[in-house]
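Novice: Provided herewith is a single structure, encoded as structure tokens, for subsequent inquiry.
The values are calculated or read from the model by the stated rules, or taken from the named source; none is laboratory data. Given the structure is predicted, the values throughout are model-derived calculations rather than measurements. Methodologically, a virtual Cβ is constructed for each residue, glycine included, from the backbone with ideal geometry; neighbour enumeration extends over all protein chains shown. Areas reflect the complete protein model, heavy atoms only, side chains present, ligands, DNA and RNA absent. Shrake-Rupley method; radii C 1.70, N 1.55, O 1.52, S 1.80 Å.
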Amino acid sequence: HKFPKIVLNGFNNKSAPPLSDVKVSCLFYFSDVLALPIFKQEESSLPPDNENKILPFQYVLCAATSPAVKLHDETLTYLNQGQSYEIRMLDNRKLGELPEINGKLVKSIFRVVFHDRRLQYTEHQQLEGWRWNRPGDRILDIDIPMSVGIIDPRANPNQLNTVEFLWDPAKRTSVFIQVHCISTEFTMRKHGGEKGVPFRVQIDTFKENENGEYTEHLHSASCQIKVFKPKGADRKQKTDREKMEKRTPHEKEKYQPSYETTILTECSPWPEITYVNNSPSPGFNSSHSSFSLGEGNGSPNHQPEPPPPVTDNLLPTTTPQEAQQWLHRNRFSTFTRLFTNFSGADLLKLTRDDVIQICGPADGIRLFNALKGRMVRPRLTIYVCQESLQLREQQQQQQQQQQKHEDGDSNGTFFVYHAIYLEELTAVELTEKIAQLFSISPCQISQIYKQGPTGIHVLISDEMIQNFQEEACFILDTMKAETNDSYHIILK
């Protein structure tokens, strides 16, 4: 009689069910127990059709979860900054599942990313700011001496929040990670204190393809964490526990108990960045055309054309796939997921406020300027024209009349000048720009002189270039060097 007594607590005493129904109710009651929060950690964030799915791997973070988390919310785990925490890599395959990885290694990539979607949009900006404030530090590291079973651990210096390694699922594998950033470093300061932002620890595991590259996705899982200054996580855990003890039994039923470990739940794989292999621009001319040096036999009105400027402006006709490549080439890879379905026309329709709201102030302004094709004004612009025999003869005829050949129009002859834009204001840069203008190697230019008073030749220096007037005009004269096949250039 004790058995139905427990079950009948939930029934109306006036209409007690038959004993057979009581037994069915008991079974139903027991199935409900399986769905209690103590088992919720393994099931959270899984789609309904995957409730009975057995995952090939399981990752367990050896750190207790917070007791101040409601029943249907994702678990939250507190970590101390810089402390080593074990993550156990468990082979959870059924017999005969994924036989192709038996006796082989798999690769796992660990990431610490933002949980907040708003911060995900500005992740690049946030991480660059952290890099600036903490030069030489990393966000995520592997404690290699404490780890077991990991092979070839790597940490890309350009990806501060990512580490990767190989491991054998058939062998015991535990990796100890250290998170060096704290949650309040990415929080706007507000009155009344700061509340740290949550992060996510995500693990993506891959197997080898036919070419021996670890690109075939097997499994991904993640969990939510907050990182505190040393011993801060212990204090926060204690505070949460004390708050829960003060709640009534009815209120406690709305919260999960604290688990000794954190089981990472299945999630979507982290999108891999496809790096675009930039091929030479069509405007790039690798062949060295002949540069009319020394003899002065090149007519000024048939000057060799400079290579067209290399532009990468986004066009309204650009497809979404081409727009993704354009974002990669212009260092906006962080936002490629956000603009996945945007064509060139869609991106160009965005206003300045739209872009700043989506990407944040720093990257937003940079992206808006790139979309509008705004160029940075050069520090110095000069104009040059190559001298010829025809020009020399005209200069001699006009010497008595004191006419200046720089006016560009004499006796009906039209002289072509080319613009040279300087940013560094150095002699080396001027040499390279002149060589590029006439499609020759900079090694063919030995020295550059400027014609001074009484016809003297003054060696061009960085300081002299820095004192050039804006939009100054020069005639390029050439003189064969004595020792080799190079030439001296004289600016008149």
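Novice: With the condition kept exactly as written, say whether any residue in the stretch 221-236 is modelled with pLDDT of 85 or more, more than 29 Å from residue 73 (Cα to Cα), in the same structural domain as residue 111 (by the TED database) and touching a strand residue (DSSP E or B) at 6+ places or on another chain (Cβ under 6 Å).
Specialist: No, there is no match, as no residue in the stretch 221-236 is modelled with pLDDT of 85 or more, more than 29 Å from residue 73 (Cα to Cα), in the same structural domain as residue 111 (by the TED database) and touching a strand residue (DSSP E or B) at 6+ places or on another chain (Cβ under 6 Å).
Novice: Output the residues belonging to the stretch 331-359 that are at pLDDT below 85, in a loop (DSSP other than H, G, I, E, B) and of a type in the set (Gly, Ala, Ser).
Specialist: Of everything in the stretch 331-359, nothing turns out to be at pLDDT below 85, in a loop (DSSP other than H, G, I, E, B) and of a type in the set (Gly, Ala, Ser).
Novice: Give me a count of the residues in the stretch 363-384 that are open to solvent by 60 Å² or more (accessible area, probe 1.4 Å) and assigned to a helix (DSSP H, G or I).
Specialist: First, the residues of the stretch 363-384 that are open to solvent by 60 Å² or more (accessible area, probe 1.4 Å): 365-366, 372, 374-377, 379, 383.
Subsequent filtering for residues that are assigned to a helix (DSSP H, G or I) retains 365-366.
The qualifying residues number 2.
Novice: With respect to the numbered conditions (1) open to solvent by 70 Å² or more (accessible area, probe 1.4 Å); (2) in contact with a helix residue (DSSP H, G or I) (Cβ under 7 Å, 6 or more places away or on another chain); (3) at pLDDT below 75, which one is the sole condition not fulfilled by residue 405?
Specialist: Result: residue 405 fails condition (1) only.
Novice: Looking for something open to solvent by 60 Å² or more (accessible area, probe 1.4 Å), within 28 Å of residue 233 (Cβ to Cβ) and within 32 Å of the chain's Cα centre (by Cα) - is there at least one such residue anywhere in the stretch 90-111?
Specialist: So far as the stretch 90-111 goes, yes, one or more of its residues are open to solvent by 60 Å² or more (accessible area, probe 1.4 Å), within 28 Å of residue 233 (Cβ to Cβ) and within 32 Å of the chain's Cα centre (by Cα).
Novice: Say we look at the stretch 162-210 and pick out the residues that are of a type in the set (Ser, Thr, Tyr) and either open to solvent by less than 40 Å² (accessible area, probe 1.4 Å) or modelled with pLDDT of 90 or more (or both); which of these is nearest to residue 233 (Cα to Cα)?
Specialist: Initial filter on the stretch 162-210 (of a type in the set (Ser, Thr, Tyr)): 162, 173-174, 183-184, 187, 205.
With either open to solvent by less than 40 Å² (accessible area, probe 1.4 Å) or modelled with pLDDT of 90 or more (or both) added as a condition, the list becomes 162, 173-174, 183, 187, 205.
Values: 162: 22, 173: 26, 174: 22, 183: 11, 187: 17, 205: 28 Å.
Once the filter is applied, the top-ranked residue is 183.
Novice: Which one of these does residue 441 not meet: (1) modelled with pLDDT under 85; (2) open to solvent by 40 Å² or more (accessible area, probe 1.4 Å)?
Specialist: (2)
Novice: Sticking with this one: Which pairs do you get when a residue that is farther than 16 Å from residue 227 by Cα and assigned to a loop (DSSP other than H, G, I, E, B), found in the stretch 65-94, comes within reach of a residue that is open to solvent by 10 Å² or more (accessible area, probe 1.4 Å) and among the small types (Gly, Ala, Ser), reach meaning Cβ atoms under 7 angstrom, with the pair 6+ apart or on two chains?
Specialist: So the pair list comes out as 67/258; 74/44; 74/45.
Novice: Can you tell me how many residues within the stretch 232-260 are part of a helix (DSSP H, G or I) and of a type in the set (Ser, Thr, Tyr)?
Specialist: 1
Novice: Hey, can you tell me all the residues within the stretch 425-438 that are under 16 Å from residue 467 (Cβ atoms) and either surrounded by fewer than 15 Cβ atoms within 10 Å (Cβ to Cβ) or among the polar types (S, T, N, Q) (or both)? Give the derivation first.
Specialist: Kept after step one, since they are under 16 Å from residue 467 (Cβ atoms), are these residues of the stretch 425-438: 425-427, 429-430.
The answer is 426, and nothing else.
Novice: Are there strands (runs of 3 or more DSSP E) fully within the stretch 414-492 with at least 1 residues that are of a type in the set (S, T, N, Q)? List them.
Specialist: Fully inside the stretch 414-492 and qualifying: 445-451, 472-480.
Novice: Further question: Given the condition farther than 21 Å from residue 108 by Cβ, aliphatic (A, V, I, L, M) and under 34 Å from the mean Cα position of the chain (by Cα), answer yes or no: does some residue in the stretch 233-249 qualify?
Specialist: The first filter runs over the stretch 233-249 and keeps only residues farther than 21 Å from residue 108 by Cβ, leaving 233-249.
Next, from what is left, pick out any that are aliphatic (A, V, I, L, M): 233, 244.
If we keep only those that are under 34 Å from the mean Cα position of the chain (by Cα) as well, we get 233.
The answer is yes, given that some residue of the stretch 233-249 is farther than 21 Å from residue 108 by Cβ, aliphatic (A, V, I, L, M) and under 34 Å from the mean Cα position of the chain (by Cα).
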